[in-house]
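S.K.: I'd like to ask you about the structure that follows.
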Amino acid sequence: MARITAGVGSSHVPLLGVAVDQGKSNDDYFGPIFAGYEWTRQWEKEQKPDVIILVYNDHASAFDMKIVPTFAIGCGESYKPADEGWGPRQVPDVEGHPDLAWHIAQSLILDEFDMTIINEMDVDHGLTVPLSMMFGQPEAWPAKIIPLAVNVVTYPVPSGNRCWALGEAIKRAVESFPEDLNVQIWGTGGMSHQLQGKRAGLLNREWDNKFLDMLIGDTDAARWIPHIEYLRETGSEGIEMVMWLIMRGALGEKTRLLHRHYHIPCSNTAIGHIVLEPVEEETVPA
Amino acid sequence: MTIDKGAPAKAPLNIHEYLAEFDDIPGTRVYTAARARKGYHINQFAMSLMKAENRARFKADERAYLDEWKISEEAKQALLARDYNALLDMGGNVYFLSKLFSSDGLPFAEAVSTMTDMTWPEYRQMMLDGGRSPEGNRSIKENLAAAAARAQETGKDN
Ligand SMILES: [Fe+2]
C-alpha cells in the first residue's frame, strides 16, 4: 500500500525562485536562507519519494476571482510553470500522478470533503519555489506531484481545524491505495508576513517558532488557532500557515522532528522550514 | 460499519463576530467577501495585465484601457495614481494589484513599501532589522485603551 512517510513545511516566497534562477542562492542575502535547506536536499536524495502531495495556494495565476475553490486537487498528467507577469520560470514541467490523485479525490469526497477537481492548470511560485528549495535545479523534478490548492486569499479561508481534518482524510486515502508508493506531503506558505496596508512588513519570530513547536510531537493545539490570531500576530498573509496544518494532520497522531530552520527576512517574509516524520504507535501484542 | 466522528463537535462561529474582529486590526484590510465583491472589476482588470498584449495596450493609453472596465471613476483615479491603500479600500487585493506592480517593473517589496509611512530605503532597512514588530500593532481597541491609560497616568503625575 501507499504510505505517507514524511511531511515538509516551507515558505514559498517568489524571490527565492528568482535567487535560484539567477544563481544568487549563495550570496550574503540568500546564503543563510538556503543553508537551512541543505540538510533537506541531502535527505530528499536518500528518501527518493515517488509522489509529493504539495499543498500550496495560487496567487492570482491559475485562478482569478471568477472561481474560488476552497480545496482543489490536481488530477492532471502535467502542469506548466505559470507566467506571473515576467515570463514563466525556467523550471521543468511538473509531472502529476493521476492514478493516485484521482484515488485521493474520490476517497476525500466519500469521506465528506467535497473537493474541486482540476485537470488542467499552470502552477505558480507557490508550488515551484518549494520544489526548487528541496531539489535545486534538476533536468526533471525527481518525484510526481499532486497539487493541492487551498484558498487562503478570499475570506473566510478554511479553518485550521478543517485543514487538519483534511490532512487526516488524505492519510486515510493514501493508505487505501494498493500500489506501494513512498508519498510525502508538503505544506507551504508563510510564515509571518503582511504585504498590504500601513502595517505591511510585520514579522513575528516568537509566534512563528511557537507554531513550529506545535507541529512536533502529539499535540494538536495548532488546529484550534483562530484566523484572527494569525491575522493579528503574523500579518494578513501569515494565514497561509493553515496550509501547514493539512501536512501536519496527514502525519497522524504523533510526529518526530528531523530538521528545522528559521530566518528573517526574505523580502517581506519570515522564512520557516520543518521536516517531520510520523511516529506510528506501537501495536501492543494481545 | 464504524463511523469516524473525527474532531469533537463545536459550535459554529458567529459570522458577524468573526467579521467584526477583522476591523480591529491596525493598518490592515482583510480581503472579505464584501471587499471581494466591491473590488471584483479592479482585481479582474489587474489580472488582465498577465497577458503581454493587454500590458502593451494599457501602457500605450492607461486611461483608455481602464475605460474598457466597469470600474468607478474614483478607482480609475487611484489606479492611475498607483494609490494602493485607496485601492485596498475599494476592494483591491494585493495578489491581483501585484500584476500592476510587475507591469510597472516595480519590485514587490518596493511596491508594498508605498502603502506604509516609510520610504522604500527605510522600509527595506526595517525588514533587514527584523521587520515590523507586532507590539502595538495587534488591535486598535487595545491601542486606544493603552493610550487612555497612559493619558490618565500622565494626568495623575501632573
Ligand atoms: Fe503565498
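Coordinate-derived values only; no laboratory data. The shown structure was predicted, so the numbers you read here are calculated from the model rather than taken from an experiment. As a convention, Cβ positions derive from the backbone with ideal geometry for all residues, glycine included, and neighbour counts pool all protein chains shown.
S.K.: Dipole size in debye (nearest 20) for the stretch B:41-152 around its Cα centre, Lys and Arg Cβ +1, Asp and Glu Cβ -1?
M.R.: In debye, rounded to 20, the stretch B:41-152 gives about 220.
S.K.: Put +1 on the Cβ of every Lys and Arg and -1 on every Asp and Glu Cβ in the stretch B:28-158; which of B:T116, B:G155, B:M47 then has its Cα farthest towards the positive end of the dipole?
M.R.: Positive-most Cα among the choices belongs to B:M47.
S.K.: Which one, A:V94, A:M241, A:N57, projects farthest toward the positive side of the charge dipole computed for chain A from Cβ point charges (K/R +1, D/E -1)?
M.R.: A:M241
S.K.: Which aspartates and glutamates have a Cα lying under 19 Å from the Cα of B:K38, excluding residues fewer than 8 positions away in the same chain?
M.R.: A:D64, B:D23, B:D67, B:E68, B:E73, B:E74, B:D83, B:D89
S.K.: For the ranges B:147-154, A:53-60, what's the packing order if you count other beta-carbon atoms within 10 Å of each residue, average per peptide, and put the highest first?
M.R.: Top of the packing list down: A:53-60, B:147-154.
S.K.: Give the lysines whose C-alpha is closer than 20 Å to that of B:K141, dropping any in the same chain fewer than 8 places away, or say none.
M.R.: A:K198
S.K.: Compute, for the protein assembly as shown, the length of the dipole vector about the Cα centre, with Cβ point charges of +1 (Lys, Arg) and -1 (Asp, Glu) only. Units Debye, rounded to 20. Present the calculation step by step, with values, prior to reporting the outcome.
M.R.: Details: 43 positive and 63 negative charges, 171 e Å.
About 820 debye.
S.K.: While we're on this one: Describe numerically, in nm with one decimal, the distance between label points set 7 Å from Cα along Cα→Cβ at A:V68 and at B:Q125.
M.R.: Roughly 3.9 nm, to one decimal.
S.K.: For Cα pairs less than 8 Å apart in space and 6+ apart in sequence, what is the mean separation divided by the residue count of the stretch B:1-147, i.e. the relative contact order in percent?
M.R.: Numbers: 102 pairs, mean separation 39.9, N = 147.
RCO, the stretch B:1-147: 27 percent.
S.K.: I'd like the FRET efficiency for B:D117 and A:D180, computed as 1/(1 + (r/R0)^6) with the beta carbon distance as r and R0 of 56 Å, rounded to 0.05. Don't skip to the answer; put the middle values down first.
M.R.: On the way: r = 57 Å, r/R0 = 1.02.
According to the calculation, E is roughly 0.45.
S.K.: Then there's this: Just check chain A against the gyration tensor rule for me: Cα atoms, a ≥ b ≥ c as the square roots of the eigenvalues, rounded for a/c under 1.5, and otherwise prolate or oblate depending on whether a/b exceeds b/c.
M.R.: Cα axes put chain A in the rounded bin.
S.K.: Going down the table (A:K24/A:K45; A:K48/A:K80; A:K48/B:K51; A:K24/A:K144), which pairs top 32 Å between alpha carbons?
M.R.: Numbers: A:K24/A:K45 22 Å; A:K48/A:K80 22 Å; A:K48/B:K51 38 Å; A:K24/A:K144 27 Å.
Violating the 32 Å Cα-Cα cut-off are A:K48/B:K51.
S.K.: If the cut-off is a Cα-Cα distance under 17 Å, which aspartates and glutamates reach A:K66, setting aside same-chain residues fewer than 8 apart in sequence?
M.R.: A:D58, A:E120, A:D122
S.K.: Still on this structure, please answer the following. Please report, in debye to the nearest 20, how large the charge dipole of the stretch A:78-129 is about its Cα centre when each Lys and Arg carries +1 at its beta carbon and each Asp and Glu carries -1 there.
M.R.: The dipole magnitude comes to about 160 debye.
S.K.: Which whole DSSP H helices in chain A pass both tests: a Cα extent of 27 Å or more along the axis and a mean Kyte-Doolittle value no lower than 1.6? Working shown, then result.
M.R.: Working: long enough: none.
Qualifying helices: none.
S.K.: Given the protein assembly as shown, what percent of its DSSP beta bridges are antiparallel, to the nearest 5? Before the final figure, lay out each step's value.
M.R.: Details: 19 of 43 bridges.
The antiparallel fraction comes to roughly 45 percent.
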